[in-house]
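The values are calculated or read from the model by the stated rules, or taken from the named source; none is laboratory data. This is a predicted model, so every value here is computed, not measured. FYI the Cβ positions are ideal-geometry reconstructions off the backbone, even for glycines, and counts take in every protein chain you see. The accessibility values were calculated without ligands, DNA or RNA, using every heavy atom of the protein model including side chains. Shrake-Rupley method; radii C 1.70, N 1.55, O 1.52, S 1.80 Å.
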Amino acid sequence: MKSQRIAIAGGTGRIGRHIVEGLLEIKHRYSLEIIVLSRSQSPHISYAGTSAPVLPIDYQDLSSIQKILNDFQIDTVISTLSGTTSDPFITSQENLLRAALSVPSIRRFAPSEFSVNSEQVPSVELYQMKIPIIRSLRQVKQERPDFEYSLFSCGVFMNYLGYGNNKPEGHKAHGYMPHFPYIFDLSKRSADIPGDGEKQLVYTRAEDVGKFVAAATQLEAWEEYNDVAGDVLTMNEIVRLCEDVCGTKFDVKYNSREVILARLGPPEKVMENFFAEFLLALMDGECDVKRPINLNELVDVQPMTVRQYLEQWWG
Ligand SMILES: NC(=O)c1ccc[n+]([C@@H]2O[C@H](COP(=O)([O-])OP(=O)(O)OC[C@H]3O[C@@H](n4cnc5c(N)ncnc54)[C@H](OP(=O)(O)O)[C@@H]3O)[C@@H](O)[C@H]2O)c1
């Protein structure tokens with residue numbers, strides 16, 4: 001059954017806000033009710049001539065979560081929570097699920113994935129904290145076959161390719177994503193590639209992820225995996241596209257495993273380690289496409305390709 005009353009946990013954040021906007025775009029067409037859950041008081045989120053209220057929530061207090069989901073008769077919870085430590089990230093998502101399951105109207109749950117499927121990348125330590133909720137969801141599905149969950153995977157947000165562009169409204173290239181380059185720094189005409197560059201990279205623009213997730217809520221049934229892609233290219237193909245659009249050769253560094261391993265620091269350097277581990281995962285083919293990119297086929301969303309994105313911000 002299609003989603004009708006949808007709660008986005010963490011919808012004030014980065015990909016969360018793109019998903020909220022994707023939903024607000026279709027809110028009137030499908031008569032949706034959309035609420036955003038946040039740990040703090042925030043003004044409602046307005047987009048496309050409509051809005052979604054932001055409701056304060058304490059992820060450590062099951063009854064408060066339950067009350068909000070029950071008050072709004074929520075049928076679908078989409079988690080876009082984030083964190084750099086396993087606690088409170090794991091408990092927040094688990095509590096959200098446990099509270100949701102006690103609400104009679106609940107039928108669907110999407111945990112915070114929105115990257116490469118976390119079970120696919122054992123090299124990436126930070127993503128291991130996303131796995132317990134997947135196990136819990138599989139358990140719930142066994143006990144309640146009518147309950148649906150889906151893991152949304154989209155690869156890396158294409159928006160990082162916009163870093164340093166000089167277009168008049170160049171900040172819009174990032175969407176709500178932070179501004180920094182990853183692997184490709186077009187402002188320096190350089191690339192920092194793991195291995196020989198022949199492994200795949202899935203790129204999807206964050207705005208398109210929002211549209212895909214919103215469209216998926218209107219599917220009659222959810223598959224376990226909802227994979228989307230704006231593009232699937234090898235890193236060498238991306239270099240060639242960058243050079244073509246920028247009209248100049250790039251300074252491309254191909255890094256050996258030893259060079260990348262040397263970037264790993266002490267455990268408290270969470271993000272530095274994450275970026276290095278993700279390079280190792282790419283090098284090892286862990287991020288290569290493993291399943292059909294099914295959601296592209298199931299919904300009518302035309303995502304931006306890497307060439308289109310580069311031409312918009314670097315052409
Ligand atoms: N594919 C990619 O390139 C890519 C890039 C970045 C992130 N991601 C993925 O996208 C997902 C969301 O990441 P994001 O960067 O969009 O997140 P974010 O903006 O950093 O955080 C999302 C929201 O989560 C809530 N939050 C943060 N810490 C929390 C905690 N400890 N407990 C409960 N809630 C917490 C916050 O909402 P309130 O303060 O309003 O409660 C925050 O606004 C993650 O799964 C991440 O791995 C993918």
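3J(HN,Hα) along region 124-130: 9, 4, 4, 7, 5, 6, 8 Hz, from the Karplus curve 6.51 cos²θ - 1.76 cosθ + 1.60 with θ = phi - 60°, whole Hz, x for Gly and Pro. For the chain, a simple Cβ point-charge model (Lys and Arg +1, Asp and Glu -1, everything else neutral) yields a dipole of about 540 debye relative to the Cα centre.
In the context of the full set of protein chains, residues of the chain present 43 Å² of accessible surface per residue (probe radius 1.4 Å, heavy atoms only). Hydrodynamic analysis of the chain uses the Kirkwood radius over alpha carbon pairs. Inserted into Stokes-Einstein at 25 °C and 0.890 mPa s, it gives a translational diffusion coefficient of 122 µm²/s.
With the dipole of region 192-315 worked out from charges on the C-beta (+1 for Lys and Arg, -1 for Asp and Glu) around the Cα centre, which of Gln302, Pro292, Ala262 lies farthest toward the positive end? So the residue we want is Ala262. By a 1.4 Å probe calculation restricted to protein chains, Asp146 has an accessible surface near 110 Å², given to the nearest 10. Rolling a 1.4 Å probe over the protein chains gives Phe180 an accessible area of about 60 Å². Among beta bridges from DSSP that stay inside the chain, the antiparallel ones total about 25%.
For region 150-248, GluC sites (Glu not before Pro) meeting the loop criterion (DSSP other than H, G, I, E, B) and having at most 12 other Cβ atoms within 10 Å: Glu169, Glu198, Glu220.
Put simply, the Cα atoms of region 215-310 extend 48, 40, 21 Å along their principal axes, the longest span coming first. Normalising the Debye intensity of region 146-262 to I(0), with uniform scatterers on Cα atoms only, and taking log10 at q = 0.10 Å⁻¹ returns -0.38. Note on the chain: lysine pairs with Cα distance below 17 Å, sequence gap of 8 or more or different chains, count 9.
Sort out for me the Cα centre separation of region 1-47 from region 273-315, rounded to whole Å. Comparing the Cα centres of region 1-47 and region 273-315, I get a distance of 24 Å.
Report in % the part of the accessible area of region 103-256 that belongs to carbon and sulfur, leaving out ligands and nucleic acids; probe 1.4 Å.
C and S fraction of accessible area: 49 percent.
Summing Cβ point charges (Lys, Arg +1; Asp, Glu -1) relative to the Cα centre of region 189-269 gives a dipole of roughly 460 debye.
With the whole protein complex present, Arg14 retains an accessible surface near 140 Å², based on a 1.4 Å probe. I want the local charge near Ala262. Using Cβ-Cβ distances under 15 Å, sum +1 for each Lys or Arg and -1 for each Asp or Glu among the other residues. Result for the local shell: 0. Net charge dipole, region 1-143: roughly 340 debye, given to the nearest 20, about the Cα centre with Cβ charges of +1 for Lys and Arg and -1 for Asp and Glu. Specify whether the C-alpha gyration tensor of region 19-131 places it in the rounded, prolate or oblate class, a ≥ b ≥ c being the square roots of the eigenvalues: rounded for a/c under 1.5, otherwise prolate if a/b is larger than b/c and oblate if not. Prolate is the answer for region 19-131, as a/c is 1.5 or above and a/b outweighs b/c. Modelled label positions at Gln312 and Lys290, each set 7 Å beyond Cα in the direction of Cβ, lie 3.0 nm from each other. Annotation: extensible slack from Arg98 through Glu297 equals 68.4 nm (criterion: 0.36 nm per residue apart, minus Cα-Cα distance).
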